[in-house]
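Any read-out appearing in this document is the output of simple, stated calculations on the displayed coordinates, not a laboratory observation. Since the structure is predicted, the reported quantities are computational estimates derived from the model, not experimental observations. With ideal geometry, Cβ positions are generated from the backbone for all residues, glycine too; neighbour counts draw on all protein chains shown.
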Amino acid sequence: MGRQYHLLIVDDEEPLRVILESELSDTGDFSIQTASDGAQAINLIQAKVFDVILLDIRMPRVSGIEVLQFVHEYSPTTQVIILTNYADVRTAIETIKLGAYDFIAKPYEFEELLSTVRRAIERRQLTIDNKLMKNELSRKAGSFELVGQSPAFMKVIENATRFAASDSFVLIQGASGTGKELIAGLIHRRSPRNDRPFVAVNCASLPDALLESELFGHEKGAFTDAYEAKEGLVEVANGGTLFLDEIGDISLSIQPKLLRFLETGEFRRVGGTNQLSVDVRVISATNKDLRAEVTAGRFREDLLYRINVITLLVPPLRERAEDIAPLVNHFLARKCSTRTLKTISSEALRLMEAHDWPGNVRELEHVVEGAVLMSTGATVEASDLPPALHRKSGKLSPLPLPGGDQVLTLDQVECIHIKRALEEFGFNRAKTAEALGISKKTLYLKIKQFGILVPN
């Protein structure tokens with residue numbers, strides 16, 4: 001089953017606790033703690049994330065029903081299996097309505113109990129997968145296969161596979177669109193944690209307050225609209241891998257809390273006082289130079305040292321031209337899935353291999369998608385590619401000025417340059433402004449000033 005699952009046995013009968021702990025420990029699949037009453041159980045649940053709880057109903061001080069209600073509110077993905085005497089079966093059935101996964105009557109058959117525990121673990125995993133699906137669907141709109149054959153790319157794959165076996169933190173560095181999340185996913189799949197969750201968090205897309213709540217969860221009433229307690233993604237990832245994408249964008253106010261979590265595995269939910277602990281492997285990614293960020297005072301030096309135990313550098317697409325052809329064919333197969341498969345002409349492929357791809361693999365995918373829609377035949381031709389690819393590089397070539405003794409005014413030179421830039425970028429104002437190093441508003445004002453005709 002891979003890594004051990006965390007079980008809590010709650011029963012006031014010591015002989016039963018001892019027998020259960022011994023039998024389940026012998027399987028080698030579980031890390032087990034025990035509690036003799038409900039109050040002790042609640043204290044343990046507040047300090048650790050459990051996968052499954054075996055819970056007796058009738059106990060002194062705090063009943064099993066009260067513990068079940070606490071678990072349902074405090075740690076809703078934790079699965080509870082009720083241990084009950086035959087006389088209490090009707091009560092046990094009622095607990096199912098309160099959120100218990102199942103119940104086992106005493107005296108129990110061990111194989112039946114073990115089978116129920118394993119099913120409960122599967123149910124918890126399905127609950128977590130469901131919980132993550134909405135978040136992942138918004139992130140995962142592109143390809144997830146690692147495609148490439150260049151020596152530089154194969155070296156990254158080789159190192160990622162080698163590092164996967166350890167639990168060391170990994171920092172993946174590379175420009176946007178190079179596939180850093182795919183590399184992180186590969187490390188998880190090749191690791192001993194591959195049967196546990198892979199949870200990705202885009203740190204750049206969330207404001208500080210929301211990021212802290214998403215990572216560490218919050219207690220009921222912690223802030224407006226916090227109508228119930230919520231598990232953080234670090235709890236959801238327990239036993240698995242937490243991927244912190246664009247970690248360089250985390251603010252200085254959140255960085256100390258993240259550092260403490262990375263060093264100890266402990267955290268507090270927003271609005272909470274109880275210390276929780278989880279076991280996760282953290283993989284981070286960034287498109288920034290974190291050492292420069294440290295120098296600029298925007299990133300903590302101690303946090304940098306903690307996250308980059310192992311560093312992987314993903315080269316930009318312009319440095320691995322050998323990967324362009326297989327990537328193009330891969331994207332063609334995906335984009336033509338509902339129609340006849342198209343091929344790429346040698347001239348179109350030549351233009352693609354000559355382009356410097358500032359947006360890397362993500363840009364290439366979008367270009368192929370657009371070319372498939374533009375193409376009317378069975379082959380994607382050079383004419384189906386966007387204007388930017390018909391230039392030799394991603395920069396504007398030198399401006400050709402009139403020969404002889406003719407002298408142009410600065411306004412005339414500026415007007416000619418802007419006209420030509422607009423034409424080279426197919427009158428795309430955003431790309432033109434970026435190439436010229438000005439804002440879209442400035443470009444708009446220049447177009448009006450010089451009376452440049454721009455097609456609608």
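Structural remarks
- Placing a label point 7 Å from the Cα of D195 along the Cα-to-Cβ direction, the residues of region 206-243 whose backbone N falls under 20 Å from that point are 236-242.
- Share, in percent, of DSSP beta bridges within region 5-127 that are antiparallel, nearest 5: 0 percent
- Dimensions of region 137-246 along the principal axes, based on C-alpha atoms and rounded to the nearest Å, stand at 53, 28, 21, largest first.
- Label point distance in nm, Q46-K220, each placed 7 Å from Cα along Cα→Cβ: 1.4 nm
- Restraint check, K180/K335; K155/K431; K48/K288; K335/K419; K97/K220, Cα-Cα greater than 27 Å: K155/K431; K48/K288; K335/K419
- Counting only DSSP beta bridges whose two residues both lie in the chain, roughly 5 percent are antiparallel.
- As an equivalent ellipsoid, region 72-112 spans semi-axes of 20, 13, 6 angstrom, where each value is the square root of five times an eigenvalue of the C-alpha gyration tensor, largest first.
- Restricting the calculation to Cα atoms, every distinct pair contributes to the Kirkwood radius of the chain, found to be 26.1 Å.
- The dipole here belongs to the chain: it is taken about the Cα centre, uses +1 on the Cβ of Lys and Arg and -1 on the Cβ of Asp and Glu, and is about 1760 debye.
- Summary of packing: across the peptides 305-314, 169-178, the per-residue average of other C-beta atoms within 10 Å ranks them, highest first, as 169-178, 305-314.
- Computed log10 I(q)/I(0) for region 5-127 at 0.14 Å⁻¹: -0.50, from the Debye equation with unit scatterers placed on every C-alpha and solvent omitted.
- Approximate shape of region 318-390 as ellipsoid semi-axes (Cα gyration tensor, √5λ), whole Å, largest first: 18, 13, 11
- Mean Cβ count within 10 Å, highest first, over the residues of peptides 52-61, 197-206, 377-386: 52-61, 197-206, 377-386
- DSSP-assigned coil residues among trypsin sites (Lys or Arg not before Pro) in region 200-287, each with at most 15 further Cβ atoms within 10 Å: K220
- Each residue, E145 and L445, gets one label point 7 Å from its Cα in the Cβ direction; the gap between the two is 5.0 nm.
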